[in-house]
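Chemist: Before I ask anything, let me first share the structure, which is written out below as structure tokens.
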Amino acid sequence: MREPISRDARLALDLALTIRHDGSGGVTDDLTDPAGLTAWVRAHPEILPDTGRFTAGAAQLAAVRELRAAVRALFARAVRPGEPSPADAARLLPVPEAVRLLNEAAARTPTVPVLHWPDEAAPVVHRRPVRPDDELTSSLAHAVIAFLASPERERLRACHAPRCVRYFLKEHARQEWCKPSCGNRARVARHHQRHKATA
């Protein structure tokens with residue numbers, strides 16, 4: 001049975017997965033320029049109140065990339081004693097630095113409660129940022145912190161299929177890879193290794 005994935009876990013994973021296998025044996029980065037970040041944010045309407053009008057700048061790109069490096073370092077720690085993603089193994093931030101960066105990103109945008117009370121409805125409180133300039137990075141950091149502090153973190157795994165660099169949430173007891181195609185690649189690689197050893 002598949003376990004549900006929370007909004008925070010999905011956002012944290014999606015941010016980490018902006019580094020992925022390129023299909024040719026290498027790694028590609030979806031956040032190499034402001035246009036890439038703009039496209040990614042617009043594909044995630046739950047991040048910001050007006051995502052459709054969002055256009056990233058260089059400073060936001062740098063902040064989100066720094067946050068992503070911290071997230072991938074903390075994911076590598078969360079999957080211990082398992083190995084981290086191969087994309088991260090040689091270039092992980094030290095954990096204290098990753099925690100500091102994550103906490104600083106979360107603190108960039110303090111929020112204030114805002115009451116909405118329409119006619120014939122119950123009052124609802126929303127949180128609005130005091131300084132909207134840093135809202136993107138702060139919102140992502142809040143989601144990552146919520147995910148890492150939740151029981152869902154226990155399901156986090158790094159996929160170790162050949163050429164895969166993804167993290168995933170284990171959805172059932174026998175799941176070993178992030179997706180079926182990675183399982184197929186891993187089985188083919190094992191098959192070739194066995195035949196090489198007997199030849």
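Chemist: Positive end of the dipole of the chain, charges at C-beta (+1 Lys, Arg; -1 Asp, Glu), about the Cα centre: which of 96, 49, 36 has its Cα farthest in that direction?
Modeler: Comparing the listed Cα positions along the dipole, 96 ranks first.
Chemist: Label points 7 Å out from Cα along the Cβ direction at residue 126 and residue 150: separation in nm?
Modeler: Simple spin-label model gives 2.1 nm for this pair.
Chemist: Can you pull out the trypsin sites (Lys or Arg not before Pro) in the stretch 39-93 that DSSP calls coil and that have at most 15 other Cβ atoms within 10 Å? Spell out each step's value before the answer.
Modeler: Working: sites: 42, 53, 65, 68, 72, 77, 91; in loops: 91.
Listed in order of number, the matching sites are 91.
Chemist: Here's a follow-up. Could you tell me which residue out of 111, 124, 85 lies farthest along the dipole of the stretch 82-126 toward its positive end? Charges go on the beta carbon: Lys and Arg +1, Asp and Glu -1, centred on the Cα centre.
Modeler: So the residue furthest toward the plus end is 85.
Chemist: Dipole of the stretch 36-140, Cα-centred, from +1 at each Lys and Arg C-beta and -1 at each Asp and Glu C-beta, to the nearest 20 debye?
Modeler: 360
Chemist: May I ask for the equivalent-ellipsoid semi-axes of the stretch 55-130, computed as the square root of five times each C-alpha gyration tensor eigenvalue and listed largest first in whole Å? Walk me through the numbers on the way to the answer.
Modeler: Values: eigenvalues 253, 52, 25 Å².
Ellipsoid semi-axes (Å, largest first): 36, 16, 11.
Chemist: Let me ask you something else. Compute the long axis of helix 180-198 from its Cα atoms, compare it with the longest principal axis of the Cα atoms of the chain, and write down the angle in degrees, 0 to 90, nearest 10.
Modeler: 20
Chemist: Who wins for biggest fluctuation among 94, 81, 34 in a Gaussian network model of the chain, springs between alpha carbons below 10 Å?
Modeler: 81
Chemist: Order 179, 170, most accessible first, counting only protein heavy atoms with a 1.4 angstrom probe. Spell out each step's value before the answer.
Modeler: On the way: 179 90, 170 50 Å².
Per-residue accessible area, sorted high to low, gives 179, 170.
Chemist: Which of rounded, prolate or oblate describes the stretch 1-113 when judged by the alpha-carbon gyration tensor and an a/c cut-off of 1.5? Walk me through the numbers before you get to the answer.
Modeler: Numbers: a/c = 1.40, a/b = 1.26, b/c = 1.11.
Taking the square roots of the gyration eigenvalues as a ≥ b ≥ c, the stretch 1-113 is rounded.
Chemist: Tell me, what is the 1.4 Å probe accessible area of residue 50, in Å² to the nearest 10?
Modeler: 80
Chemist: For residue 156, which sequence-distant residues (separation of 5 or more, or a different chain) have an amide H within less than 5 Å of its own amide H, given hydrogens modelled in the peptide plane?
Modeler: 170
Chemist: Let's see if you can work this out: charge +1 on each Lys and Arg Cβ, -1 on each Asp and Glu Cβ, no other charges. What is the dipole magnitude of the chain about its Cα centre, in debye to the nearest 20? Mind showing how you got there, number by number?
Modeler: On the way: 30 positive and 23 negative charges, 244 e Å.
Approximately 1180 debye in magnitude.
Chemist: Helix 7-16 versus the longest principal axis of the chain: what angle, 0 to 90°, nearest 10, using Cα atoms?
Modeler: 60
Chemist: Quick check: at a probe of 1.4 Å, how many percent of the accessible area of the stretch 21-143 sits on carbon and sulfur atoms? Mind dumping the intermediate values first?
Modeler: Values: 3770 of 6880 Å².
Carbon with sulfur: 55 percent of the solvent-accessible area.
Chemist: Okay, moving on. Quick one: order 27, 95 from most to least accessible surface, probe 1.4 Å. Walk me through the numbers on the way to the answer.
Modeler: Values: 27 75, 95 30 Å².
Ranking 27, 95 by accessible area, largest first, yields 27, 95.
Chemist: Distance from the Cα centre of the stretch 54-126 to that of the stretch 134-163, in angstrom?
Modeler: First find each Cα centre; the distance between them is then 8 Å.
Chemist: Let me ask you something else. What percentages make up the Cα-Cα pair-distance distribution of the chain when the bins are 5 Å wide from 0?
Modeler: Per 5 Å bin, starting at zero, the Cα-Cα P(r) for the chain comes out as 1, 7, 13, 17, 18, 15, 11, 7, 4, 3, 2, 1, 0, 0, 0, 0 percent.
The values are calculated or read from the model by the stated rules, or taken from the named source; none is laboratory data. Since we're looking at a predicted model, the values are computed, not measured. Cβ atoms come from the backbone with ideal geometry, glycine included; neighbour counts cover every protein chain shown. Note: accessible area is taken over every heavy atom of the protein model, side chains too, but ligands, DNA and RNA are not part of it. Shrake-Rupley method; radii C 1.70, N 1.55, O 1.52, S 1.80 Å.
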